[in-house]
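Worksheet for the structure shown next.
The values are calculated or read from the model by the stated rules, or taken from the named source; none is laboratory data. Source: prediction; values computed, not measured. With ideal geometry, Cβ positions are generated from the backbone for all residues, glycine too; neighbour counts draw on all protein chains shown.
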Ligand code: BGC
């Protein structure tokens, strides 16, 4: 593909100009130009409380103005003079040349949304003692107005990174999203007429799906979908590229057709043909959201090496580098087209929300996004909770709640995770990714297809604060047995309907996993897709290290992943939240 890169981009640039202009206007919604400057992401107040000519005492207050909690806060600045920071309190302060880093103490390591921390230190200097002018909180510059990352294409924002070709900031803003007729018809004839006009993603889950549709009832190939999207006059189509070598290394349910070493087939027989179709100039006016390789990169962080959760297959995929190469090639090859918006999968809060997994995953994604010719400019953002069940927002408690002085983090359910729901996780991961080197205008898509948790078992108010476990157990709307459970979860319902720019840093709520399609077979069913029965899809299974040895919580009688599962679809309809009216 390399040979075609430059001409292709040029060609698309010309063709897209007209439609992008329209999108820019639409995307601004009701906002007047230039009125959208928002508050700084963080504020740092640095005060010299005492100065005796050769030394000083400083007091620093940092405030997190973002809407999500920040873990392991870290404030940085540079001195213009020869100041040297010394003994400190309420933070660990270190200095390298003129550069000072103040890191959170272990007993006060999080900054909630709107929360502040104060620390102080003594320093020495000779000459003058000018106050530093620029401060960063976990990599983000403080005390300067930033614009809401949701508000697309605000003109002349000095904090915006340079545009990525002709792309808009948020492809969903003001856009009509493509409805997959295969899924729509299946949903309508299965009792789901009321929701059958919702947009869902098209999964390219094997080579033959490019021509003739993904697993199960789906029959349309990629070209059919793109042509139909033009027919529908859609602005956006969502595809999932899901066919890495050695796919699904930590489970059996979605193992694929390519062996662990078949990276060349992935490139030549899967990505290149997709690029060939996507690159057809007749689709240049369509924004193509490409959701990249679910679960793959997080598996290389959490399920390898000496971890109790490690699998030999994930160790192999880490060692041979084929997930990283595959993702890099996918991003670079599809990213050559200015109408493609690549979103890399970031698992979900019940997987990467622990400190050991969080930053390391952002770093792993960065590594993939800068391999095989890809750059961070090929990345529009990230996709959270794809095909998972994590609650979008826990309405009755937050991570900052305590019960008799004990943090909810210490409850059995939260188990020291930093997040209790997907939105807070997605917003925090976005910031972490920027820290890791991604562009500051990245956004997150949250899959809300099956995380509604309505129905009779949904708590309607916070529980009594008797003890931390009973409080969390009886307050949480996510009714799973364990946050590590992922297969055909009993009790789940359809979640928020697809929506553009619903919250800061979130590009969209989207239905990526088509509701009604199975996550995996409860028992072995012969198939030609490489899929096997994973015990996590068997309701009688007692669990493994990845769900802390809990029951699987799966519905019985499930077909192979991707195939229609009528009983689950009916339950998703019944337990929808917001309910279906
Ligand atoms: C399956 C795919 C399917 C997708 C969407 C995955 O679990 O492995 O074959 O297309 O779900 O249902």
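A compact table of results
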| item | result |
| --- | --- |
| Unmet requirement for residue 138, which otherwise passes all of (1) away from the ligand (no atom under 13 Å from the Cβ); (2) at pLDDT 95 or above | (2) |
| Residue count, the stretch 486-502 (criterion: assigned to a loop (DSSP other than H, G, I, E, B), surrounded by fewer than 24 Cβ atoms within 10 Å (Cβ to Cβ) and within 17 Å of the chain's Cα centre (by Cα)) | 2 |
| Residue in the stretch 503-519 that is farther than 30 Å from residue 176 by Cα, within 16 Å of the ligand (Cβ to nearest atom) and in a loop (DSSP other than H, G, I, E, B) present | no |
| Among the residues listed as 321, 353, 305, 347, the single one being under 30 Å from residue 550 (Cβ atoms), surrounded by fewer than 18 Cβ atoms within 10 Å (Cβ to Cβ) and out of contact with any strand residue (DSSP E or B) (no Cβ under 6 Å at 6 or more places or on another chain) | 305 |
| Which numbered condition residue 372 misses (of (1) in a helix (DSSP H, G or I); (2) more than 18 Å from the chain's Cα centre (by Cα)) | (1) |
| Counted residues, the stretch 39-64 - those being closer than 21 Å to residue 425 by Cα and modelled with pLDDT of 90 or more | 2 |
| Test: residue in the stretch 458-480 that is within 16 Å of the ligand (Cβ to nearest atom) and either modelled with pLDDT under 95 or crowded, with 20+ Cβ neighbours inside 10 Å (or both) | no |
| Residue that is nearest to the ligand (Cβ to nearest atom) [pool: residues in the stretch 193-209 that are touching a helix residue (DSSP H, G or I) at 6+ places or on another chain (Cβ under 7 Å) and in a loop (DSSP other than H, G, I, E, B)] | 207 |
| Residues of the stretch 79-111 classified as surrounded by fewer than 16 Cβ atoms within 10 Å (Cβ to Cβ) and in contact (Cβ under 8 Å) with a residue 40 or more places away in the chain, total | 4 |
| Positions within the stretch 375-395 being assigned to a loop (DSSP other than H, G, I, E, B) and closer than 22 Å to residue 201 by Cα, in sequence order | 379, 380, 385, 386, 387, 388, 389, 390, 391, 392 |
| Test: residue in the stretch 448-470 that is in a helix (DSSP H, G or I), touching a residue at least 24 places away in the same chain (Cβ under 8 Å) and closer than 27 Å to residue 480 by Cα | yes |
| Residue in the stretch 537-559 that is in contact with a strand residue (DSSP E or B) (Cβ under 6 Å, 6 or more places away or on another chain) and away from the ligand (no atom under 16 Å from the Cβ) present | yes |
| Qualifying residue in the stretch 210-229 (condition: more than 16 Å from the ligand (Cβ to nearest atom) and either under 21 Å from residue 447 (Cβ atoms) or at pLDDT below 95 (or both)) | yes |
| Filter pass, residue 483 being more than 29 Å from residue 171 (Cβ to Cβ), surrounded by 17 or more Cβ atoms within 10 Å (Cβ to Cβ) and modelled with pLDDT of 95 or more | yes |
| Of residues in the stretch 560-570 being touching a strand residue (DSSP E or B) at 6+ places or on another chain (Cβ under 9 Å) and not in a loop (DSSP other than H, G, I, E, B), the one nearest to the ligand (Cβ to nearest atom) | 564 |
| Condition check for residue 576: closer than 20 Å to residue 383 by Cα, buried (at least 20 other Cβ atoms within 10 Å of the Cβ) and modelled with pLDDT of 95 or more | no |
| Residue, surrounded by the fewest Cβ atoms within 10 Å (Cβ to Cβ), within the stretch 230-254, restricted to residues that are away from the ligand (no atom under 13 Å from the Cβ) and not in a loop (DSSP other than H, G, I, E, B) | 231 |
| Qualifying residue in the stretch 169-187 (condition: in a loop (DSSP other than H, G, I, E, B), at pLDDT below 95, crowded, with 21+ Cβ neighbours inside 10 Å and not assigned by TED's automatic domain parsing to the domain that holds residue 238) | no |
| Of the criteria (1) crowded, with 22+ Cβ neighbours inside 10 Å; (2) under 23 Å from residue 302 (Cβ atoms), which one residue 517 fails | (2) |
| Residue that is nearest to residue 447 (Cα to Cα) [pool: residues in the stretch 520-532 that are within 9 Å of the ligand (Cβ to nearest atom) and buried (at least 24 other Cβ atoms within 10 Å of the Cβ)] | 520 |
